[in-house]
Structures are given as structure tokens and as C-alpha cells.
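Encoded as C-alpha cells, the structure appears first; notes follow it.
The values are calculated or read from the model by the stated rules, or taken from the named source; none is laboratory data. Because the structure is predicted, anything quoted here is derived from the model rather than measured. Note: ideal-geometry Cβ built from the backbone for every residue, glycine included; neighbour counts use all protein chains shown. All accessible areas refer to the heavy atoms of the entire protein, side chains included, with ligands and DNA or RNA removed. Shrake-Rupley method; radii C 1.70, N 1.55, O 1.52, S 1.80 Å.
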Amino acid sequence: VALAARVAAAEAIPFAVPEDTAYYVGVARNLVEGRGLVTDAIWSYATPPLVLPRPAFELWRPLPSLLVALPMALLGPEYRVAQLVPLLAGVVVAILGWRIGVEVAADLRLPPGRARGVAVATGLASAVSLPLLLHSALPDSTMLFAALTLGACLLMARLLREGPAGPGDARALIGLGLLLGVASLDRKSTRL
């Protein structure tokens, strides 16, 4: 359901609409075409040098462009190809939404039928929620960050539930650190 809904949403958005999406796609295209991590737009006049092309990522973080560049390198530097990364991240968000529903139902000790209903409803809501659909069609940082932070939340809950000496504690802590570290490469910088 999540994949079908996101494919339909991506079909409805044939070009990079907001400036951050255009920025990420443009930098990924420049990277794939061998020009490096540069942008052909001045996004902010507060960050010199005010020349074109200019180094990328003075405010925006590199992860979305780097991930979008992977399928572009294989399939071509087209916008539709760039949409694959947020589309897949959006599917992961819906799956993680379902998993969070499972975890919450277990924590609340709901009866099996009700627990299944909570998990399925959470997953379906994550699969078809309009804001999540729209951001799954835009190659920016939103859905990547959502997937990474939801994964981190699930690991944190597991660590809290199992206690400090639970089985798999070290792997969960390493996984949590990796998810949070990668998430830090995804969102806009606070420096101006």
C-alpha cells in the first residue's frame, strides 16, 4: 500500500518544486556529471562566496544529494530517478510506523485482536498520510530523516525495555549511534 501510494504521488510531481529539493537534485546531478559537490544557484546571500558555481552544503547537509546520486549514476541524472530515494524511505517510514504500532500495543498489553488493529492502522496511516506521501515524492531530507529517527526511536525503546545488560545491547547501541550519526548528515545546518 505504501509503495503504490508513493508511486502515484511521485507521478503527480514531475519536477523539483521547492528550492531545497531543486538544490539537492542539482548537486546530485552535478556530482554524477563529474562536476563535484557544487551548486549552480545562490541559495543564501549570507554564505560567501557569492559566485557560481559554488561549493555545495553551506547550509544544507550532504546526505540527500549523496544518496540521490547513487541511482542517478546508474539510471541517469533525471528527476524521476532522484525520486526513488525518498520513495523508498517513505516505504520504510510506513513499515516503521507499523512496527511502532506493534511495540506500543505490546507495551500496553493489548489483547491480540486489538494489538493487530493498532499495528495495522498505524502502518496504513503512515502509508497514506498526505504529508508523508508528498515528502516521499520530493528528493529532500524529510523522509530520510523520518526513517532514520523512527529507527532510532525503536532502538531506544528496545534498549529501555531490555535494560542496560539486555541481550544484544552492544549491537543496539552501535546501531543507535550509527542511525543518529547518519541522521546528523541529513538535516539543515543551524549555522549561518
How big is the gap, in Å, between the Cα center of segment 104-171 and the Cα center of segment 34-71?
-> 32
Degrees separating the helix 142-162 axis from the principal Cα axis of the chain, which is the longest one = 30
About the Cα centre of the chain, how large is the charge dipole given +1 on each Lys and Arg Cβ and -1 on each Asp and Glu Cβ? Please answer in debye to the nearest 20.
-> 420
Return one whole number: the accessible area per residue of segment 58-192 in Å², for a 1.4 Å probe.
-> 52
Any chance you could give the angle, 0 to 90 degrees and rounded to 10, that helix 84-107 forms with the longest Cα principal axis of the chain?
-> 20
Starting from the amide H of THR39, placed 1.01 Å from N in the peptide plane, find each other amide H under 5 Å away whose residue is 5 or more places distant or on another chain.
-> ARG54, ALA56
Packing rank of 44-52, 96-104, 110-118, where each peptide gets the mean count of other beta carbons within 10 Å, highest leading | 96-104, 110-118, 44-52
Take the Cα pairs of the chain, get the Kirkwood Rh, then feed it into Stokes-Einstein at 25 °C and 0.890 mPa s and tell me D in µm²/s.
-> 136
Net charge near GLY101 (other residues with Cβ under 12 Å of its Cβ; Lys, Arg +1; Asp, Glu -1) is +1
Residue-averaged [θ]222 nm for the chain, counting only DSSP H segments that reach four residues, each worth -39500 (n - 2.57) = -21500 deg cm²/dmol
Between the helical axis of 112-128 and the dominant principal axis of the chain, each derived from Cα atoms, what acute angle in degrees is found, rounded to the nearest 10?
-> 10
With point charges of +1 on the Cβ of Lys and Arg and -1 on the Cβ of Asp and Glu, referenced to the Cα centre of segment 73-172, which listed residue (ALA172, VAL81, SER141) lies farthest in the positive direction of the dipole?
-> ALA172
In the chain, carbon and sulfur make up what percent of the accessible area (probe 1.4 Å)?
-> 71
